1. Looking at the structure I just gave you, is R11 under 18 Å from S201 (Cα atoms), of a type outside the set (D, E), surrounded by 16 or more Cβ atoms within 10 Å (Cβ to Cβ) and in contact with an Asp or Glu (Cβ under 7 Å, 6 or more places away or on another chain)?
2. Being more than 18 Å from H26 (Cα to Cα), of a type in the set (A, V, I, L, M, F, W, C) and either open to solvent by less than 40 Å² (accessible area, probe 1.4 Å) or touching a strand residue (DSSP E or B) at 6+ places or on another chain (Cβ under 8 Å) (or both) narrows it down to one residue among A114, A109, A57; which is it?
3. Just the residues that are open to solvent by 10 Å² or more (accessible area, probe 1.4 Å), touching a Lys or Arg at 6+ places or on another chain (Cβ under 7 Å) and in contact (Cβ under 8 Å) with a residue 60 or more places away in the chain, please, taken from segment 72-106.
4. When segment 166-206 is examined, which residues are found to be buried (at least 21 other Cβ atoms within 10 Å of the Cβ) and closer than 15 Å to V124 by Cα?
5. Looking only at segment 207-221, count every residue that is touching a residue at least 24 places away in the same chain (Cβ under 8 Å) and open to solvent by 50 Å² or more (accessible area, probe 1.4 Å) and tell me the total.
6. Can you pull out every residue in segment 14-23 that is open to solvent by 40 Å² or more (accessible area, probe 1.4 Å) and not hydrophobic (A, V, I, L, M, F, W, C)?
7. Determine whether segment 118-140 contains at least one residue that is part of a helix (DSSP H, G or I), modelled with pLDDT of 95 or more, of a type outside the set (S, T, N, Q) and over 16 Å from the mean Cα position of the chain (by Cα).
8. Does at least one position in segment 143-157 carry a residue that is closer than 13 Å to A186 by Cβ and open to solvent by 40 Å² or more (accessible area, probe 1.4 Å)?
Amino acid sequence: MASIIITGSSRGIGFEMARLFADEGHQVLALSRNEKPIADLAHENIKTFSFDLANTADLAKLEHYLADDFPTVDVLINNAGKLLNVPFLDTDMESFEEVYRVNVFGVAAVTQLAIPRMPKTGHVITVSSMGGVQGSMKFPGLSAYSSSKAAVITLTELWAEEFKETGPSFNVLALGAVQTEMLEEAFPGYEAPVTALEMASYIKDFALTGNKHFNGKLLQVSSSTP
């Protein structure tokens, strides 16, 4: 059984992934600012605590927890994300930076903590968005969000190159529309063709096996627009 870290686990895809992994017997560290939904599961294979990956003190707390209680990380799933849906000219730079603190800098910080604890066969998956893929359809109001999701695509390619001899493997999934609360915030009223549970199941399977076939790759997991 594997040791799994999942960020952004309080709702949607992250919540469903934590439950799926744990039900299969894997040990899961499920991290999110609101730990209550995961804690309420009272699952014997899930550990959780309140964690904001944009908070320096919380990153230090994670570092200590890994050192004391979670020495090996087989899979890291960078799932947490912050959405901002505001016209560009109405976007203040503090809000723009907040998106990057979560979607880029926070992802980098958590990954930096995990890598030294990962075996060569380990797998880091970062959840991006079709909006971050060059040449894909773009939507007004998502300048901060989509550009941040583009940044982690390039980061994944860089990490795969830097750690190609020692591992772990790194891949990024650009998701299309999935029926989550975040989708409703971005595209009110839009009904996605994929549920959070369906996407969680796909990512779970890819996390455990995809690194045998892919490293440093962007996979577009989308059957619709958006």
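1. Criteria met by R11.
2. Values: A114 fails: more than 18 Å from H26 (Cα to Cα); A57 fails: either open to solvent by less than 40 Å² (accessible area, probe 1.4 Å) or touching a strand residue (DSSP E or B) at 6+ places or on another chain (Cβ under 8 Å) (or both).
Only one candidate passes the filter, namely A109.
3. From segment 72-106, those open to solvent by 10 Å² or more (accessible area, probe 1.4 Å) are 72, 74, 79-98, 100-102, 104-105; that's our starting set.
From what's left, touching a Lys or Arg at 6+ places or on another chain (Cβ under 7 Å): 72, 98, 102.
Hit for segment 72-106 is T72, nothing else.
4. P168, S169, F170, N171, V172, L173, A174, I203, K204
5. Total meeting the criteria: 6.
6. Here is the first cut: in segment 14-23, the residues open to solvent by 40 Å² or more (accessible area, probe 1.4 Å) are 19-20, 23.
Listed by number, the residues that qualify are R19, D23.
7. Scanning segment 118-140, I find no residue that is part of a helix (DSSP H, G or I), modelled with pLDDT of 95 or more, of a type outside the set (S, T, N, Q) and over 16 Å from the mean Cα position of the chain (by Cα), so the answer is no.
8. Keep residues of segment 143-157 that are closer than 13 Å to A186 by Cβ, which gives 143-146, 149.
Now restrict to residues that are open to solvent by 40 Å² or more (accessible area, probe 1.4 Å): 143.
Within segment 143-157 (the criterion being closer than 13 Å to A186 by Cβ and open to solvent by 40 Å² or more (accessible area, probe 1.4 Å)), the answer is yes, since at least one residue qualifies.
The values are calculated or read from the model by the stated rules, or taken from the named source; none is laboratory data. Worth saying up front: this structure is predicted, and the values here are computed from it rather than measured. Using ideal geometry, Cβ is built from the backbone for each residue, glycine included, and neighbour counts are taken over all protein chains shown. Ligands, DNA and RNA are excluded from the accessible area calculation, which covers all protein heavy atoms including side chains. Shrake-Rupley method; radii C 1.70, N 1.55, O 1.52, S 1.80 Å.
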